[in-house]
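Notes to accompany the following structure.
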Amino acid sequence: MKAIVDFIHRIATGKKHVRMLLTPVFATFFLVLVALPVWLALKVDAYFGLSFPLHYPWNGVVSLPLLGAGSLLWFWSVLHFAKAKGTPVPISPPPALVDTGPYRYVRNPMLSGVFLILFGIAFLAGSPSLLFVFTPAFMGCSILEFKLIEEPELEKRLGKTYLDYKRRTPLLVPRFFR
């Protein structure tokens with residue numbers, strides 16, 4: 001993992017033109033990784049003839065708030081990265097710690113938003129495997145990647161500032177009581 005962290009750190013702190021060239025590649029890779037569990041779940045559901053007990057209009061009643069909240073959280077997070085002159089892509093981050101907007105409450109609100117969106121898609125598509133298998137598996141892999149790769153790179157790049165932020169801010173779910 002150290003080699004991956006060092007690779008990302010080298011790019012994130014390196015030449016701007018390299019970051020700008022690689023940002024769309026990394027963004028596309030992430031979008032494919034998000035779409036993959038949806039595609040796989042729909043294939044698994046079709047293969048095994050799985051169906052969801054929640055049908056129209058109730059699937060929409062549950063899915064639309066999840067999709068809306070997840071999308072708003074994701075866009076709000078991206079907006080704060082853009083204000084700080086960076087992107088959500090780890091190789092082209094803002095030059096300083098972003099701890100405004102949703103980042104006041106959790107360290108990775110973008111992931112929280114993506115998880116809500118995946119749960120919303122599961123209800124909308126009526127996919128039990130997306131709801132109970134693929135989204136939780138995606139969540140586990142994403143959290144593991146964040147803890148093993150992104151956070152060590154942030155600690156390396158931002159130092160004590162990030163360590164203090166990490167100590168006071170939960171990963172994905174805000175604390176309502178301190």
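Kindly establish whether Phe132 is out of contact with any Leu (no Cβ under 7 Å at 6 or more places or on another chain), open to solvent by less than 30 Å² (accessible area, probe 1.4 Å) and at pLDDT 95 or above. Break it down stepwise before answering.
Values: out of contact with any Leu (no Cβ under 7 Å at 6 or more places or on another chain): yes; open to solvent by less than 30 Å² (accessible area, probe 1.4 Å): no; at pLDDT 95 or above: yes.
No.
All told, Ser63 meets the bar of being farther than 25 Å from Lys147 by Cβ, of a type outside the set (A, V, I, L, M), touching a helix residue (DSSP H, G or I) at 6+ places or on another chain (Cβ under 6 Å) and at pLDDT 95 or above.
Within the stretch 115-128, does at least one residue satisfy the condition of being at pLDDT 95 or above, out of contact with any Leu (no Cβ under 7 Å at 6 or more places or on another chain), assigned to a helix (DSSP H, G or I) and within 24 Å of Arg167 (Cα to Cα)? Yes: one or more hits.
Of the residues making up the stretch 138-178, those that are exposed (fewer than 15 other Cβ atoms within 10 Å of the Cβ), in a helix (DSSP H, G or I) and among the hydrophobic types (A, V, I, L, M, F, W, C) are Cys141, Leu144, Leu148, Leu163. Of the helices (runs of 4 or more DSSP H) entirely within the stretch 1-87, those holding at least 2 residues that are open to solvent by less than 50 Å² (accessible area, probe 1.4 Å) and within 30 Å of Pro128 (Cβ to Cβ) occupy 16-48, 58-83. When the stretch 88-103 is filtered for residues that are farther than 18 Å from Leu22 by Cα, part of a loop (DSSP other than H, G, I, E, B) and free of Cβ contacts under 8 Å to residues at least 60 places away in the same chain, the ones remaining, listed by number, are Val98, Thr100.
The values are calculated or read from the model by the stated rules, or taken from the named source; none is laboratory data. Here the structure is a predicted model, which is why all the values come from computation and not from measurement. Neighbour counts are summed over all protein chains in view; Cβ atoms, including those assigned to glycine, are modelled from backbone coordinates with ideal geometry. When the accessible area is computed, the model is the full protein with side chains, heavy atoms only, and any ligands, DNA or RNA have been set aside. Shrake-Rupley method; radii C 1.70, N 1.55, O 1.52, S 1.80 Å.
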